[in-house]
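The values are calculated or read from the model by the stated rules, or taken from the named source; none is laboratory data. This is a predicted model, so every value here is computed, not measured. Don't worry about glycine lacking a Cβ; one is built from the backbone with ideal geometry, like all the others, and counts go over all protein chains shown.
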């Protein structure tokens, strides 16, 4: 049996919204009985990430400047799928748009909540195999570089702090663990 929610909501007010997120401020009674506020970011899409891996255990990374953290980021291809839509279709679209790759095999690798202390963002990360190259078509907000690296190099990039994106870190370490344990060939 799961514990009951100790938070009591007194009132709520949406303080910001755009096509991708909304921010709600809640007046609450916290688990200790004190009055307080809590802010929640609601995501209007499911985050999808794709660890695209070829038969030689190389993976494809996308490099781009990330506005919120004001720095360049190497990461697995990522994007969003509308809530209620099939997330695998969003993953297929994002992989093609960002890298030009299409995959014959798709396997759910991870399900994550990306920052559950302030948001409800759900992420689904897929392993994509059986890759073929086609044309990419990045969105106007994306200025992308594509890099193919060995799985070991990607793990080193995580260890060195070159890859810091949470979905990418989790996907790379999970796939390395699965291969190390012999659960994937």
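Points worth noting:
Okay, residues lined up against (1) over 23 Å from residue 58 (Cβ atoms); (2) surrounded by 17 or more Cβ atoms within 10 Å (Cβ to Cβ):
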position	(1), (2)
112	yes, yes
124	no, yes
128	no, yes
135	no, no
146	no, no
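- Residue that is nearest to residue 108 (Cα to Cα), among those in the range 169-184 that are part of a helix (DSSP H, G or I) and touching a helix residue (DSSP H, G or I) at 6+ places or on another chain (Cβ under 8 Å): 175
- Residue check for residue 130: modelled with pLDDT of 95 or more and at positive phi: yes
- Counting only strands (runs of 3 or more DSSP E) that sit wholly inside the range 43-92, not one has at least 3 residues that are within 12 Å of the chain's Cα centre (by Cα) and either on the phi > 0 side of the Ramachandran plot or free of Cβ contacts under 8 Å to residues at least 12 places away in the same chain (or both).
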